[in-house]
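First the structure, in the form of structure tokens, and then the observations on it.
Any read-out appearing in this document is the output of simple, stated calculations on the displayed coordinates, not a laboratory observation. What you are looking at is a predicted structure, and each value in this text was computed from that prediction instead of being measured. Neighbour counts are summed over all protein chains in view; Cβ atoms, including those assigned to glycine, are modelled from backbone coordinates with ideal geometry.
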Amino acid sequence: MKPILFANGRNVKVALTAIAVTVMAGAVTLSFKDEGPERAAVVPPPHTEWKDYGGGPDHSKFLNFTQINKQNVAQLQPAFVYSTASDRANLYRFNPIVVDGIMYVLAKNSSLVAIDATTGKELWIHANLRGIVQRGINFWQSKDKKQKRFIISLGNYLQAIDANTGKSILTFGKNGSVDLKEGIGRAPELLRRMASTSAGKIYDNLILLGSAPGEDPFAGPGDLRAYDVITGKMQWVFHTIPHPGEYGYESWPKDAWKYSGAANTWGEISVDEKRGIAYFPLGSPTYDYDGADRAGNNVFGNCILALDARTGKRLWHFQTVHHDIWDYDLTAAPQLITINHNGKKVDAVAVASKNGFMYVFDRVTGKPIWPIKEMPFPKSEMPDEWTSPTQPIPTVVPAFNRHNVDEKDINPYLPDSTRQKYIARIKAAKTGLYQPLSDKYEVFALPGSVGGANQGNTAANPDKGMVYVMYQEMSCFYQLVKRSERGARGGNQAGAKGQAAYVQYCQACHGADRNGIAGAGVSLVDIGSRITPDLFKTYISQGKGRMPAQPHIDDATITSIYTFLAGGNRGARPAMAGSNTMPDGPVVASGGAPLANPSSASEFGGGMTDYPAGYTGPRSIYIEKNNWGTAISDILAPPFAGIAAYDLNKGTIKWKIPLGEYSKTDVKGLGTPNGTQNKGMVVTASGLIFVTCADGKVRAIDADNGKILWQYDLGRINPTGIPAMYQHKGKQYLVVCSTGALADRTKKEEDVPKGYITFALPKLK
């Protein structure tokens, strides 16, 4: 039996009989020996299939397809629609995958559905996968293609489903499940959530996984892990909050590994299959806005981290934000490209951040391609807060977001009274990049925590050194307040918890009286009679309208908020998406693998509520009062959202265009506020970029100059998720998930397609 590898520690053990060691150009690479045809994974030609979340291992979303090109793209038309019209409880953001002419989608109350990729005919349905990750799944097959399986995250569990039959594989883990709260180094009952909000990545016979433990104080650590796709056994774990003796331990307080949380990959992992290197983008540690209890740079928070995919051993890392107190996570997929630099071919990795910067490194060594300088920034005035005196700023590659604001930068299309209100508010605040937060005044951050580049927002043409970034210019007002001043008052325990969570997450937009704030949030009065707990959970976790997705809020907290708003205790069990009703169609299974007497902590949340016994260090006692910053999507002058095309052979932006339209004016080409959240692109060898936007349109863009060559009105706003593209029987298809609200409310629901809309060129006459 192979030992579990604690990869960033000093005592990494590797069973040498299972691996071969090769030395090439001064770099040591490790590769597993073939363990037999039944376990050897298939490695298809690069960029020819969409068998993975994000298209393939490198997450480039690039395909070597040319059938749809610049000359004929305007002829694209719907080929078929797989409808989710009867499924009103879910707004899907699923990236379909296609294997051997079969498309796999999420539909019918969170069921995994296999359909014919040319007609949409249902082949099988695994129903009621409550709590399944909404963004995508992982596919693995053996070299002889007889074994095909999906590895899915289902709540706090990892499970496997047979792709041939649609049934759960009960030999995976314990009776078909792996508890993701185990093997972390903390007792499971101290972990509220360890679910992954992204699909992870398959490499060889491993599933590489991040997590979303939450962003509250005492959330779980963001450990990175790898599991065997056949047995479900954990093969290695990497502690992103280092334990004693591990690299980076000195950048934290000595006991931080016992109580600090996150520093996690809730975004997208990219893998260099040839070298066996996995690139993990890491987010900020908790608590996001008050780091008094985590003095130091906090390695590996906010790092691009390169690990040996087989062992989890650290190869290199770079920290983009030291001691993050602004929630500038790395979430978008690192893009693996080959560039011409100083007359040589260099394999590079490009990382786009929520802070609006693009960082570019040698993919193997981690050395920056162009200088990244440590620049001075203000010191915090808050008691016990520690701030880094400098932050790393790229000096050659330009930013894709704005970082400074003055009066002329405020949206001229707003009513004058509203515009003047914002101007006065900004003048009263402190502004500028990396301005520390305070309880004495507001800080106006540009971009804010939901600006910049986020999940799904990067793509590339790898061999040409081109990287494309979807971004949004969304700013935030931040201010701190003591937690004790925000606590719930009175009521039963469930109601008190829900009230406190409502104040923290919801009140800034929906108001203390729950009547909503004009331009920010709708009324939540009597919400319990209007929507179900399941639908409420869906809206919170996936976003709706102007409200972005809130993946950091765990299920138990969402339930408590609903209980508080609905005016009663409707039970402590998390209301996960979906129901146990059987959908119409060829149902082969329901509910995933049975859970073997899950602990109350695993099922209902549990969680750590205070520092460990004997802790005497500074405490994080402040909370950001505006729900992770009051994000106002159209406060700045347009463009509100756009695409930037980077030519990283030169380190320049080749072109930059607004994305979407602004509904408050007839002026075109301004971009859509909050237009790129949970969206994505597909890039083709024919020089096209296919992209969705919150305005409800899918577009084809000329990759050479940003010109829009085709657009199609889906009839519904906010088509979420990454589009997919595939070829089958000589025909090229584009598929987009469109399940949002009607763009034109005068139309009837049944008259506007809702579901997975697949496009193709018309048949040749």
Most exposed to least, judged by fewest other Cβ atoms within 10 Å, S380, S270, S168 sort to S380, S168, S270
Taking max minus min of the Cα coordinates of the stretch 654-763 on each principal axis, largest first, gives extents in Å of 40, 38, 25
For K664, counting only aspartates and glutamates whose alpha-carbon sits under 18 Å away and dropping same-chain residues fewer than eight positions off, the answer is D409, D416, E473, D634, D695, D744
Amide H neighbours of T630 at under 5 Å, excluding residues fewer than 5 places away on the same chain, with H built from the backbone geometry, are F477
Other residues with Cβ under 10 Å from the Cβ of N138 give, with Lys and Arg +1 and Asp and Glu -1, a net charge of +2
Checked the stretch 399-457 against the a/c 1.5 cut and the a/b vs b/c comparison, axes a ≥ b ≥ c from its Cα gyration tensor; verdict oblate
Residues H126, H239, H47 in order from fewest to most other beta-carbon atoms within 10 Å are H47, H239, H126
Violations at 26 Å Cα threshold for listed pairs K61/K729; K354/K747; K61/K656 -> K354/K747
The relative contact order of the stretch 87-147, taking Cα pairs under 8 Å that sit 6 or more residues apart, comes to a percentage of 26 percent
Cβ density ranking, 10 Å radius, fewest first, applied to E442, E750 yields E750, E442
Sorted on mean Cβ neighbours within 10 Å (highest first), peptides 135-146, 312-323 come out as 312-323, 135-146
Along the stretch 282-299, Karplus-curve 3J(HN,Hα) (6.51, -1.76, 1.60; θ = phi - 60°) to the nearest Hz, with x for Gly and Pro, reads 10, x, 7, x, 8, 6, 4, 10, 9, x, 4, 8, 9, 4, x, 6, 6, 5
Around V752 (Cβ within 9 Å, Cβ-to-Cβ, excluding V752; K/R +1, D/E -1) the net charge comes to 0
About its Cα centre, the stretch 318-407 carries a charge dipole, from +1 on Lys and Arg Cβ atoms and -1 on Asp and Glu Cβ atoms, whose size in debye to the nearest 20 is 680 debye
Among K254/K313; K373/K654; K379/K625; K201/K254; K143/K345; K464/K763, the pairs whose Cα-Cα distance exceeds 25 Å are K201/K254; K143/K345; K464/K763
